[in-house]
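Since the structure comes first, as structure tokens, the remarks are kept for the end.
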Amino acid sequence: KVRLYHLVFVLGYLILGTQVISTIGEPYRLFLEKADREGFQVMEGSTKLRAEMEHSFRDINDPNRRTKKIGWSDWMDMDIEELAEEKKRDKERNVLDSLPKHMRVPNKYSPAFWPSLLTGVWTTLHALVVLLQVWSVAIRVSMNFTEVNPQNVELPDSLSEDPGEGAAATDGSSAANQKDGKPSSFPSPPMLDPIPPHLPTHARIIPANGEKHVLVPLEYIPMMGMTLEYHRRVYVFEADEEGGEPLFSKIRCRTDLPPTFINTWQGHDSETCRQSQVRYGPNVFSVRQPTFADLYKAQLLNPLTVFQIFCVLLWAIDDYLIYSFFSLFMVLMFEGTVVFQRLKSLQALRSMGNPSRSIAVYRNHEWIWTETTHLLPGDICSLTRVKPHYKKDEEKNGKTSVAKKKASRVIEDDGGDIVPADLLLLRGSTVVNEASLTGESVPQMKEGLAQPDENLSMKNKHKMNVVYAGTKMLQCQGSVDPNDDESASAKSKSESVSD
């Protein structure tokens with residue numbers, strides 16, 4: 001969408017461009033009139049060649065002429081006036097340098113000074129207006145958006161309705177939703193696209209700690225209404241019916257469930273599973289990997305980089321082309337190395353993520369297999385510990401030497417299984433390594449939750465019954481068969497990782 005201020009600048013370009021074109025050759029014409037009026041020669045054509053020859057051979061018969069430039073210590077043998085004169089002569093590379101400025105011939109096709117200057121100022125102002133919108137959210141909002149009161153926004157009725165099973169997610173238990181025995185990809189919730197013109201499209205976030213303002217897009221999701229994503233967390237708009245200030249509240253899961261809920265909950269059915277998938281999304285916490293072009297563009301739009309490029313253009317206008325091109329090359333290469341380093345750091349951070357694997361979940365009154373990325377708050381799942389084992393040799397010909405087999409006997413999962421989500425243990429026990437969270441290398445013992453007689457307090461009283469996502473499970477023991485150390489029932493915590 002073309003903004004109004006762009007049209008104003010385009011109109012200014014048309015007016016100034018007309019002035020520049022109409023004044024092409026005017027400085028040269030005025031110079032010729034001045035030369036005729038004052039009676040000095042115009043240094044062009046044969047006159048310029050003859051003057052350059054006389055300038056080059058003017059001291060050819062002088063035995064005391066210098067054959068090299070003034071050195072660092074030559075100034076000690078000269079007077080101040082003589083030193084200034086010699087430096088001036090060194091700067092005169094041709095006859096034009098020896099002429100006064102008012103006698104130098106301008107280009108035949110150069111425009112007048114003031115239209116050219118105003119065009120440069122107008123272009124700089126246009127670029128500054130565009131860049132200020134990148135550097136300041138307040139300026140961008142004031143120039144491109146109209147602030148509205150969220151209390152007066154009327155959402156469509158379709159956002160408050162359930163889109164139904166045909167448009168929403170499924171629980172992954174049906175055969176049609178699985179491929180080769182594995183669940184299909186996590187379904188995306190339906191969104192309102194395109195957004196109607198009367199609805200707001202962005203939200204301006206003003207952090208309370210004085211950080212930089214952020215402009216984020218709004219999304220309209222059925223059963224949730226107006227939502228936004230900030231710092232990888234989803235916020236839902238909630239209007240105060242009592243006339244108070246409306247606000248966006250973070251989507252949270254309850255950590256203070258009552259005992260009646262824990263004793264009677266039988267896992268998700270199709271309807272609650274579909275609603276939870278729309279509200280919470282997949283159980284994934286991944287670092288977004290921007291492209292090189294996006295990061296490089298952000299680096300070049302940095303205020304310091306823009307100032308450096310502007311200085312390079314000024315040097316180029318003053319005929320310092322080699323210096324300007326070298327400086328521009330160094331600026332671009334430096335910003336490119338910074339971008340490569342950031343991409344490398346992001347890739348290292350992404351490699352620390354929790355890989356997806358199959359897990360048994362109790363839904364619709366039956367146990368099904370699904371991916372850990374499909375876990376939802378409220379799921380009852382079976383948390384298992386895979387015993388350390390050696391990697392299998394996979395050779396195309398199926399034949400490997402004994403030495404190669406010994407070299408390839410690398411223990412797999414010797415550091416323990418990674419817990420897929422924040423889980424509340426219902427039965428059994430486990431030993432986990434929480435060094436990735438707390439830095440402590442001492443394993444922690446986690447016990448299953450006994451019959452609670454009060455509301456849960458997963459962050460305080462019952463935190464010893466909670467295992468956290470990303471920690472490594474070293475041992476696992478169920479409550480039915482003490483000899484079976486590979487199963488334990490668990491229920492996903494209300495604050496399970498579902499990014």
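How do Leu14, Leu349, Leu83, Leu383 rank by accessible surface area computed with a 1.4 Å probe, from largest to smallest?
Leu14, Leu349, Leu83, Leu383
Mind scanning Lys48/Lys87; Lys48/Lys101; Lys344/Lys472 and naming the pairs with a C-alpha gap bigger than 19 Å?
Listed pairs above 19 Å: Lys48/Lys87; Lys344/Lys472.
If you take every residue apart from Thr471 with its C-beta less than 12 Å away from the C-beta of Thr471, what net charge results, scoring Lys and Arg +1 and Asp and Glu -1?
Computed value for this residue: -2.
What FRET efficiency, computed as 1/(1 + (r/R0)^6) with R0 = 22 Å and r the Cβ-Cβ distance, is obtained for Ile21 and Ala316, rounded to the nearest 0.05?
0.40
Restricting to DSSP loop positions (anything but H, G, I, E, B) with no more than 14 other Cβ atoms inside 10 Å of their own Cβ, which GluC sites (Glu not before Pro) remain in the stretch 234-309?
Sparse-neighbourhood loop GluC sites (Glu not before Pro): Glu241, Glu242.
Measuring from a point 7 Å past the Cα of Asn263 along Cα-to-C-beta, which residues in the stretch 451-466 have an amide N at less than 15 Å?
Correct set: 451-456.
The values are calculated or read from the model by the stated rules, or taken from the named source; none is laboratory data. Values in this document were obtained by computation on a predicted structure and should not be read as measured data. As a convention, Cβ positions derive from the backbone with ideal geometry for all residues, glycine included, and neighbour counts pool all protein chains shown. We work out accessible area using only protein heavy atoms, side chains counted, and drop any ligands, DNA or RNA first. Shrake-Rupley method; radii C 1.70, N 1.55, O 1.52, S 1.80 Å.
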